[in-house]
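The values are calculated or read from the model by the stated rules, or taken from the named source; none is laboratory data. None of the values given here were measured: they were computed from a predicted structure. Positions of Cβ are generated from backbone atoms using ideal geometry, with glycine treated the same way; all protein chains shown enter the neighbour counts.
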Amino acid sequence: MTTEDLHELAEKETDRQRQLRDRILYCAAAGCVSCGSHATRDAIKKALKERNLEKEVEVLGTGCMGLCGEGPLVKISSDGSVYERVDEETGRRIVEEHLCEGRKVGAHLIDTSQPFFSSQQKIVLEHCGKINAESIDEYIAAGGYGALARVVTEMQPQDVIEEIRKSGLRGRGGAGYPTGLKWGIVRKAKSEQKYAVCNADEGDPGAFMDRSVLEGDPHRILEGMAIAGYAVGANQGYIYIRAEYPLAIERLKLAIKQAERLGLLGNRIFESDFNFRIDLRIGAGAFVCGEETALLRSIQGRRGRPRPRPPYPSEVGLWGMPTLINNVETYANVAPIINRGSAWFAGIGTPKSTGTKVFALAGAIRNTGLIEVPMGIPLRNIIFDIGGGTPEGTEFKAAQTGGPSGGCIPAEHLDLPVDYESLATVGSIMGSGGLIVMDSTSNMVEVAKYFMDFCMDESCGKCIPCRVGTVHIYGLLDTISRGKGTTDDLALLEELCVMVKETSLCGLGQSASNPVLSTLKFFRHEYTDLLSKPESFVPSVSPDPASAGPADGPAANDGHDSTTHA
Amino acid sequence: MAILTLTIDGEQLSANDDETLLEIARQHDIAIPTLCHLEGLSDVGSCRLCLVEIEGSQKLFPACTTRAQEGMVVRTKTERLQRNRRMIIELLASEGNHQCAVCVVNNHCELQNLAYEVGLTHTRYPYLYPKKRLDASHPDFIIDRNRCVLCTRCVRVCHEVEGAHVWDIAQRGIHCEIISDMDQPWGTSPSCTSCGKCVLVCPTGALIAKGENVAEMEKKTDFLKYIVTARVKREWINTDGEE
């Protein structure tokens, strides 16, 4: 495979597509598949066959089209019409009316000029919903592997790292560590053997960004990893993906096979002396394996437990060798930066948080689904313009970012720009991109309890604060939520949350109390309202029984809870 | 190797740059409580008792795995640290079924000593009263998981020093427990050499010798130092050997 061969392949595929009369794209991501997009596909194919159109019109499964709540989604390539809730009958009608008679099926047509579509800026998701997720030819026709070709044949590893550094790309896994800096550290580490690892162990409740990218554009990740491998001097890559994503695993396996067959992975890539292989490692379902040191142990076939850092994996990683670990979305940004230059990327977003961020919108919001927006966009725009606001008759209460490690952002902070620094100022984090919207029906103590239950269950049990502390935090939350808690319990809860945050070994424990602390910060009254009201203190020997009323009983409550004694 | 100077609790000290804060502090009689650490075994930083403050950072650092740096200013006994240490012991006390009065190592127990040290008189959290298994199938020893604090010293000594790797951890979170081989009775373990090292390094009464009565057993961990010193070349020891 040479660069010329790659161009030739791209042209061949573009020609093939041009000769078709039309292409019907259906969403083949996990969300739409689960609501029946395969049946829709079969119905469309059958309808095409009945009209002898199956040679002229191609039906293909793409990655996530975004509006997951309205699936299955179908798109007509020629005029860009998108249909929602396409069941078998609607699929047949689309072929009949739209393709044959040129009449759009009004009832299911989505208005693509609405902010959900027009306010987004797609870099990571640029191919999702546009190309066949299982075809390497279509990826190449869309410019795929061009960045790898350029990097391997024209650039020095140091220049690649410099380009990534200048772009300002930061780790999309949540912590936001500068990617170029990390690559530079691994490059400089002295070792015969280095590794590049992709963290696809996306485990936050309500988050499905990485899954969508892997299902919709798997080659983008392979290309990004190969570029990273070239830059840091690694010849072996691992994708650590959770077993709960069978479709993504299937597509990745296929993609690796396709890339190997074309010589885009393996030995002597683009006839250079650069070799790079990628293998999959399937996670066994532990949330903590998303923590990098636990993830590395798990790849080595050992128990997924974190270890203290330093040393960081960039110095001591897989089998003791320097190892680069990046998130799926981080790798997905690599090829566009190489193709279009770091200056272009740095121009998007804010100066400190460049580029775009993919969010998975879930919860009490009209447009549930996958979106990509430039960094620094106000939270209000994401929720009310793109997301369409909360369902009718309810009021926005809080947005939860960062999953069990993040915090709740209340209505008064809706104008907060969404970037790494701003979210930290209100006690939340960017996280990997899960965004759960809560309306006035949500009980914040229950929200905190839900996340603590999650952390308690997912704690690996290595360090004492996380292993035992989360159990007691959950117990205290449970007591309070059942109306049995006292002010002492609340004080104990806060003290324990701070202690678990300060002393836990890894990120899971250190951030486990964030949902409690942030709901306490913004919705403290919901906790205090639930506290059990102590009996009014009535002095046993009262000089005047008539005056022991509730109105002036200062001795009873020392100024605490003075309003609750009715 | 470079020599450097640092300050611990206001005292200026010299150290080698490959030494941990805990090693330096102990050389100079600065007491830092520990539970999972044991000289001669690899450090895992899991008990969080040895956390210290380092000037310039809001974070706390485990003294057992943090290496000294030139000019470091370390504090080991601030109010915040003491409060956290007391709460860690408090959590441990509520987690297991620790009944000192009927324990074989009563008065010789590291957990008990730590509780005295941090001034723990009672726990404010409800006791979890877990149902834990006791295994007396081994001819010489007993493992009573009710008294286990999951420090993994037994796991490490068996793997790193004895080379048998009988012990490991099963389950996760609050359900974690020490198991022998494929979670089978200790007495049936084909890999156990009955060397007894795990019993000696166990800080509590979780691993005990048969035939000892209440408050009779004293554990000695000095042997480790001799074994480890006796090994001139240590390269083959897998120090990343926990679990």
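Limited to the range B:40-49, what total is found for residues that are more than 21 Å from A:P311 (Cβ to Cβ) and more than 14 Å from chain A (Cβ to nearest Cβ)? So the count comes out to 1. Does the range A:426-434 contain at least one residue that is in contact with a Cys (Cβ under 9 Å, 6 or more places away or on another chain), within 11 Å of chain B (Cβ to nearest Cβ) and on the phi > 0 side of the Ramachandran plot? Taking every residue of the range A:426-434 in turn, none turns out to be in contact with a Cys (Cβ under 9 Å, 6 or more places away or on another chain), within 11 Å of chain B (Cβ to nearest Cβ) and on the phi > 0 side of the Ramachandran plot. Scanning the range B:50-100 for residues that are surrounded by 15 or more Cβ atoms within 10 Å (Cβ to Cβ), hydroxyl-bearing (S, T, Y) and within 13 Å of another protein chain (Cβ to nearest Cβ) returns B:T65, B:T66, B:S94. Does the range A:336-349 contain at least one residue that is farther than 19 Å from A:I227 by Cα, within 14 Å of chain B (Cβ to nearest Cβ) and not in a loop (DSSP other than H, G, I, E, B)? Checking the range A:336-349: not a single residue is farther than 19 Å from A:I227 by Cα, within 14 Å of chain B (Cβ to nearest Cβ) and not in a loop (DSSP other than H, G, I, E, B).
Taking the range A:79-128 as the range and being loosely packed, with under 14 Cβ neighbours inside 10 Å and either touching an Asp or Glu at 6+ places or on another chain (Cβ under 7 Å) or of a type in the set (F, W, Y) (or both) as the test, only A:R103 passes. For the range A:69-97, a tally of residues being touching a residue at least 40 places away in the same chain (Cβ under 8 Å) and in a loop (DSSP other than H, G, I, E, B) returns 7.
Being over 26 Å from B:H175 (Cβ atoms) and at the interface with another protein chain (Cβ under 10 Å from one of its Cβ atoms) is the requirement here; does A:D439 meet it?
Against the criterion (over 26 Å from B:H175 (Cβ atoms) and at the interface with another protein chain (Cβ under 10 Å from one of its Cβ atoms)), A:D439 does not qualify.
Suppose we keep only residues that are assigned to a loop (DSSP other than H, G, I, E, B) and in contact (Cβ under 8 Å) with a residue 24 or more places away in the chain within the range A:314-324. Which one would you say is surrounded by the most Cβ atoms within 10 Å (Cβ to Cβ)? Of everything passing the filter in the range A:314-324, A:G317 is surrounded by the most Cβ atoms within 10 Å (Cβ to Cβ). A count restricted to the range B:164-212 and to residues that are in contact with a Ser or Thr (Cβ under 9 Å, 6 or more places away or on another chain), surrounded by fewer than 19 Cβ atoms within 10 Å (Cβ to Cβ) and at positive phi stands at 2.
Checking the stated criteria, B:S42 turns out not to satisfy the condition of being hydroxyl-bearing (S, T, Y) and modelled with pLDDT of 95 or more. Here is the figure for the range A:410-421: residues that are free of Cβ contacts under 8 Å to residues at least 40 places away in the same chain and either among the hydrophobic types (A, V, I, L, M, F, W, C) or in contact with a His (Cβ under 9 Å, 6 or more places away or on another chain) (or both) total 3.
Answer yes or no: is there a residue in the range B:166-178 that is of a type in the set (G, A, S), under 29 Å from A:G509 (Cβ atoms) and either within 14 Å of chain A (Cβ to nearest Cβ) or out of contact with any strand residue (DSSP E or B) (no Cβ under 7 Å at 6 or more places or on another chain) (or both). Yes, the conditions are met somewhere in the range B:166-178.
Here's the yes/no breakdown for (1) under 28 Å from the mean Cα position of the chain (by Cα); (2) over 23 Å from A:G216 (Cβ atoms):
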residue	(1), (2)
A:T14	no, no
A:H38	yes, no
A:K45	no, no
A:R51	no, yes
A:E58	no, no
A:C68	yes, no
A:K75	yes, no
A:H98	no, yes
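The residue of the range A:285-313 that is nearest to B:H165 (Cα to Cα), among those that are away from chain B (no Cβ under 11 Å) and in a loop (DSSP other than H, G, I, E, B), is A:G301. The residues of the range B:206-217 that are within 22 Å of B:E160 (Cα to Cα) and in contact with a Cys (Cβ under 9 Å, 6 or more places away or on another chain), listed by number, are B:A206, B:L207, B:I208.
Taking the range A:443-465 as the range and being surrounded by 18 or more Cβ atoms within 10 Å (Cβ to Cβ), assigned to a helix (DSSP H, G or I) and at the interface with chain B (Cβ under 8 Å from one of its Cβ atoms) as the test, the residues that pass are A:M456, A:E458, A:I464, A:P465. Within the option set A:G66, A:G102, being part of a loop (DSSP other than H, G, I, E, B) and under 19 Å from A:V358 (Cα atoms) holds for one residue only, A:G66. Looking only at the range A:414-440, filter to residues that are among the polar types (S, T, N, Q) and in contact with an Asp or Glu (Cβ under 9 Å, 6 or more places away or on another chain); which one of those is farthest from A:C506 (Cα to Cα)? Checking each candidate, the answer is A:S440.
Residue by residue, here is whether (1) part of a loop (DSSP other than H, G, I, E, B); (2) more than 21 Å from A:L493 (Cα to Cα); (3) modelled with pLDDT under 95 holds:
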| residue | (1), (2), (3) |
| --- | --- |
| B:V74 | no, yes, no |
| B:L81 | no, no, no |
| B:R85 | no, no, no |
| B:I89 | no, no, no |
| B:V105 | yes, yes, no |
| B:Q112 | no, yes, no |
| B:Y127 | yes, no, no |
| B:P130 | yes, yes, no |
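Among the residues making up the range A:250-285, those that are surrounded by fewer than 20 Cβ atoms within 10 Å (Cβ to Cβ) and touching a strand residue (DSSP E or B) at 6+ places or on another chain (Cβ under 8 Å) are A:K253, A:E260, A:G266, A:N275, A:R277, A:D279, A:L280, A:R281, A:I282, A:G285. Scanning the range B:133-148 for residues that are more than 14 Å from chain A (Cβ to nearest Cβ) and assigned to a loop (DSSP other than H, G, I, E, B) yields B:R133, B:A136, B:S137, B:H138, B:P139, B:D140. In this entry, A:E54 passes the filter for residues that are assigned to a loop (DSSP other than H, G, I, E, B) and farther than 27 Å from A:D210 by Cα. The helices (runs of 4 or more DSSP H) located wholly in the range A:184-278 that include 2 or more residues which are within 25 Å of A:E163 (Cα to Cα) and in contact (Cβ under 8 Å) with a residue 60 or more places away in the chain occupy A:209-216, A:218-232.
Taken residue by residue, the range B:129-140 has no member that is under 30 Å from A:Y312 (Cα atoms), touching a residue at least 12 places away in the same chain (Cβ under 8 Å), in contact with a strand residue (DSSP E or B) (Cβ under 9 Å, 6 or more places away or on another chain) and of a type in the set (G, A, S).
So, in the range A:335-353, of the ones that are buried (at least 18 other Cβ atoms within 10 Å of the Cβ) and over 17 Å from the mean Cα position of the chain (by Cα), which residue ends up nearest to A:S119 (Cα to Cα)? In this case the residue turns out to be A:G349.
Based on this model, can you work out whether A:V316 counts as more than 18 Å from the chain's Cα centre (by Cα) and more than 15 Å from A:C198 (Cα to Cα)? Quick ask: steps written out before the conclusion?
Values: more than 18 Å from the chain's Cα centre (by Cα): yes; more than 15 Å from A:C198 (Cα to Cα): yes.
It is true that A:V316 is more than 18 Å from the chain's Cα centre (by Cα) and more than 15 Å from A:C198 (Cα to Cα).
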